[in-house]
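Student: One structure, as structure tokens, below. Some questions next.
The values are calculated or read from the model by the stated rules, or taken from the named source; none is laboratory data. Values in this document were obtained by computation on a predicted structure and should not be read as measured data. Cβ placement follows ideal geometry from the backbone for every residue including glycine, while neighbour counts extend to all protein chains displayed.
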Amino acid sequence: MTPTDVPALLTALRERPFALLARDVDTVELLTGEVVDVDLLADIPLVDAAGTAREVLALVPFRQVRERGFACHDDDAPLRCLVVTQHTTLPRADVVVALPTTPVPLGDAGFDIPDDDYAETVRTVIRDEIGRGEGANFVIRRDFTADVDTEPHIAALTWFRALLEHERGAYWTFVISTPGHIAVGASPEAHVSAQDGVVTMNPISGTFRHPAGGATVATLREFLSSTKETEELFMVVDEELKMMSAVCSDGGRITGPHLKEMSRLTHTEYVLRGRSRLDPRDILRETMFAPTVTGSPMQNACTVIARHETTPRGYYSGVAALFTPRETLTVDDATHDLDAPILIRTAYLKDGRLRVPVGATLVRHSDPYGEVSETHGKAAGVLGAIGAVERDLQAEAADDDQPATPRRLLADDPEIAELLASRNARLAPFWLTPQGTDADVPFAGRSALVVDAEDRFTTMLAHQLRHLGLEVRIAGWDAATDAEVDAADLLVAGPGPGDPRDTSSARIARMREVVARRRAAGAPLLAVCLSHQILADTLGIDLSPLAQPHQGLQKTVDVFGEQASIGFYNTFTARVSPGTSAVGDVEVAADAAGDVHALRGAHTASVQGHLESILSRDGMRTLERLVAHALG
């Protein structure tokens, strides 16, 4: 391929669907083909009529969460597939030179939601959602919009060139053009990939907006020391480990933390890896969508988004999924590899209107106007990169002063590296180390049924129980039959969002039935978080909302004579009079204020914290103790 071929190729794109993908620093991939819209992920056409595997690039809109029964504003955005007939690799430098530099002026530009209104939404979510136990964190978006008179094809290629020239650190830089719809972006975050049976997820959270002139060690140090930013990252890692535990036989292992350094923003991130033989479309379905752009727990986060966002998301927070046929296969292997970045830091162009959706992660520590500022920073990151707003020329000039010398990453600074590494001292060793089969499996030959109350922490809990030798099955609260509840050697009543006192909720009412049924039968029961509160209520222990929700909070508590570092995600607590050690024939582990951390009685044990969380350094030890007690 000679440089003169590239302009001709790019000129020809005006007449057909295409994608340009920059996934490394040297090349740009050109994909062309036919567009097919399908209804379900399972319908993505990975093979042709003759059974031959083919490459497909799919744009997956947020509305696909309906496949998992989750709520959303449905805008009928299509699950759009570019069935690739030609895949060409081009020199990146030649592509940049051949792309247009036409100015793309914007008209009537601004956010669709005023700053004060967005700040009020932040307050409402903290008060009415996090404050009522609906979840640990939620991402609420707003859109920057503008009119664009430039011909769409020219505008898209101009913006793509600007991203290639001015953005750095992106996972994918891309333009995807299909009839009536164009997406141009530089996504920093891989949602999920599957390569030769290894599944990788890349939770990124915490956003440091570079000051004028660029980031420095001093300014980054303050960001890395922020409790809010640290806990925000830990919460999304927990949420993505739930997904990994659902699709990977080995549950997933954490490496990191790392810095994701981009031109205007820096993020903190972890990498999760595990092994799976699932079809990549199933992997994608089970991981819809990233908690970094939705919240946790995932199902309730979608409900909260539907309550507080008044318009559909379109493709924002969905994924661009590239399915590539594998060259070599073994028995039971999936036929395709998967590479799927999250659709964030992306500009959409449709019917002459530019839309740049951005969101902030709202947690209990959130400052409303701090979150407003974060959305401005994220929008400016895209708009500045494509040249729609003024760039930080001082920072760019500093980068260009020594073009022959590689730019020194802030993560390479010893002080920054030490700050990052110190975060892992707080985390559970179980998720940081390879998880081979232990020789000691104390509960081998016993079965457990985990009843899921709409929090997929149950997938992590099930993985840990299997590690202890139990044969485990998970059933939803509305699917677990009385016969199944009765048959299990151990019944684990799981965590979930909401007020445990709300008997009008069918989910809460069913969890109460499950707990009462096992107690009445004298059968082994372990109750976690929401179900622990329900158990406490049946014993006559008061339930109260906490003054400050414990969402993503690590505490060291006494659990029947042992100090245990445990992660908490609760808004309500069971509370006894200070000094109480028993209620009837049930032992109580409580703190000095009377907040109950654990209960144990005949064949019954419960815990308020999440022993499966990455925040539970003593989670496995405590889980084994409580299971042993319940099983007698």
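Student: Do the conditions hold for Thr145, that is, is it among the polar types (S, T, N, Q), in a helix (DSSP H, G or I) and either out of contact with any helix residue (DSSP H, G or I) (no Cβ under 6 Å at 6 or more places or on another chain) or on the phi > 0 side of the Ramachandran plot (or both)?
Tutor: no
Student: Looking at the range 437-544, what helices (runs of 4 or more DSSP H) fall wholly within it and have at least 2 residues that are touching a Ser or Thr at 6+ places or on another chain (Cβ under 9 Å)?
Tutor: Once the helices (runs of 4 or more DSSP H) in the range 437-544 are filtered for at least 2 residues that are touching a Ser or Thr at 6+ places or on another chain (Cβ under 9 Å), what remains is 457-467, 506-521, 530-538.
Student: A follow-up question, please. Quick test of your reading of the structure: Asp48 fulfils all but one of (1) at pLDDT 95 or above; (2) over 29 Å from Glu151 (Cβ atoms). Name the failing condition by number.
Tutor: So Asp48 meets the others, but not (1).
Student: Do the conditions hold for Ser263, that is, is it among the hydroxyl-bearing types (Ser, Thr, Tyr), farther than 27 Å from Asp24 by Cα and outside the structural domain of Phe457 (by TED's automatic domain parsing)?
Tutor: So Ser263 fails the test.
Student: Check the range 583-592 and report whether any residue there is closer than 30 Å to Arg127 by Cβ, among the β-branched types (Val, Ile, Thr) and either within 26 Å of the chain's Cα centre (by Cα) or modelled with pLDDT of 95 or more (or both).
Tutor: no
Student: Further question on the same structure: Check the range 14-33 and report whether any residue there is without any contact (Cβ under 8 Å) to a residue 24 or more places away in the chain, in contact with a Ser or Thr (Cβ under 9 Å, 6 or more places away or on another chain) and either farther than 23 Å from Asp279 by Cβ or of a type outside the set (D, E, K, R) (or both).
Tutor: The answer is yes; a qualifying residue exists.
Student: For Ser225, state whether it is hydroxyl-bearing (Ser, Thr, Tyr) and surrounded by fewer than 20 Cβ atoms within 10 Å (Cβ to Cβ).
Tutor: Yes; evaluated as a whole, the condition is true for this residue.
Student: Something else about it: Please count how many residues of the range 28-47 are touching a helix residue (DSSP H, G or I) at 6+ places or on another chain (Cβ under 9 Å) and buried (at least 17 other Cβ atoms within 10 Å of the Cβ).
Tutor: 6
Student: List, please: which pairs have Cβ atoms under 8 Å, are six or more places apart or on different chains, and start with a residue in the range 529-550 that is farther than 18 Å from Pro578 by Cα and end with one that is surrounded by fewer than 17 Cβ atoms within 10 Å (Cβ to Cβ)?
Tutor: Thr538/Ala516
Student: Considering only residues that are under 27 Å from Ile113 (Cα atoms), modelled with pLDDT under 95 and of a type in the set (A, V, I, L, M), look in the range 163-189 and name the one that is surrounded by the most Cβ atoms within 10 Å (Cβ to Cβ).
Tutor: Ala186
Student: Moving on to the next point. Taking the condition of being within 22 Å of Arg66 (Cα to Cα) and either aromatic (Phe, Trp, Tyr) or in a strand (DSSP E or B) (or both), how many residues in the range 26-46 meet it?
Tutor: 3
Student: Which members of the range 190-222 meet the condition of being part of a strand (DSSP E or B), crowded, with 17+ Cβ neighbours inside 10 Å and of a type outside the set (Gly, Ala, Ser)?
Tutor: Hits for the range 190-222 are His191, Val192, Val199, Thr200, Met201, Ile204, Thr207, Phe208, Arg209.
Student: Another question, then. Does the range 304-320 hold any residues that are of a type outside the set (D, E, K, R) and in contact with a Cys (Cβ under 9 Å, 6 or more places away or on another chain), and which are they?
Tutor: Across the range 304-320, the qualifying residues are Ile305, Ala306, Pro312.
Student: Looking only at the range 274-283, decide whether some residue is acidic (Asp, Glu) and closer than 30 Å to Asp39 by Cα.
Tutor: Yes, the range 274-283 contains a residue that is acidic (Asp, Glu) and closer than 30 Å to Asp39 by Cα.
Student: Ok, one more. Give the range 159-189 a look and list any residue that's assigned to a strand (DSSP E or B) and either among the small types (Gly, Ala, Ser) or touching a Cys at 6+ places or on another chain (Cβ under 6 Å) (or both), or say none.
Tutor: Ser177, Ala183, Gly185, Ala186, Ser187 - these are the residues of the range 159-189 that are assigned to a strand (DSSP E or B) and either among the small types (Gly, Ala, Ser) or touching a Cys at 6+ places or on another chain (Cβ under 6 Å) (or both).
Student: Please work out if Thr604 is closer than 26 Å to Asp486 by Cβ and surrounded by 23 or more Cβ atoms within 10 Å (Cβ to Cβ).
Tutor: When the stated conditions are applied, Thr604 passes them.
Student: Return the residue satisfying two criteria in turn: it lies in the range 493-515 and is within 12 Å of Gly476 (Cα to Cα), free of Cβ contacts under 8 Å to residues at least 60 places away in the same chain and within 27 Å of the chain's Cα centre (by Cα), and of such residues it is surrounded by the fewest Cβ atoms within 10 Å (Cβ to Cβ).
Tutor: Among them, the one singled out is Arg507.
Student: Regarding the range 15-22, can at least one residue be identified that is in a strand (DSSP E or B) and of a type in the set (Gly, Ala, Ser)?
Tutor: Scanning the range 15-22, I find at least one residue that is in a strand (DSSP E or B) and of a type in the set (Gly, Ala, Ser), so the answer is yes.
Student: Scan the range 97-132 for residues that are buried (at least 17 other Cβ atoms within 10 Å of the Cβ), at pLDDT below 95 and of a type in the set (Val, Ile, Thr) and jot them down.
Tutor: Across the range 97-132, the qualifying residues are Val104, Ile126, Ile130.
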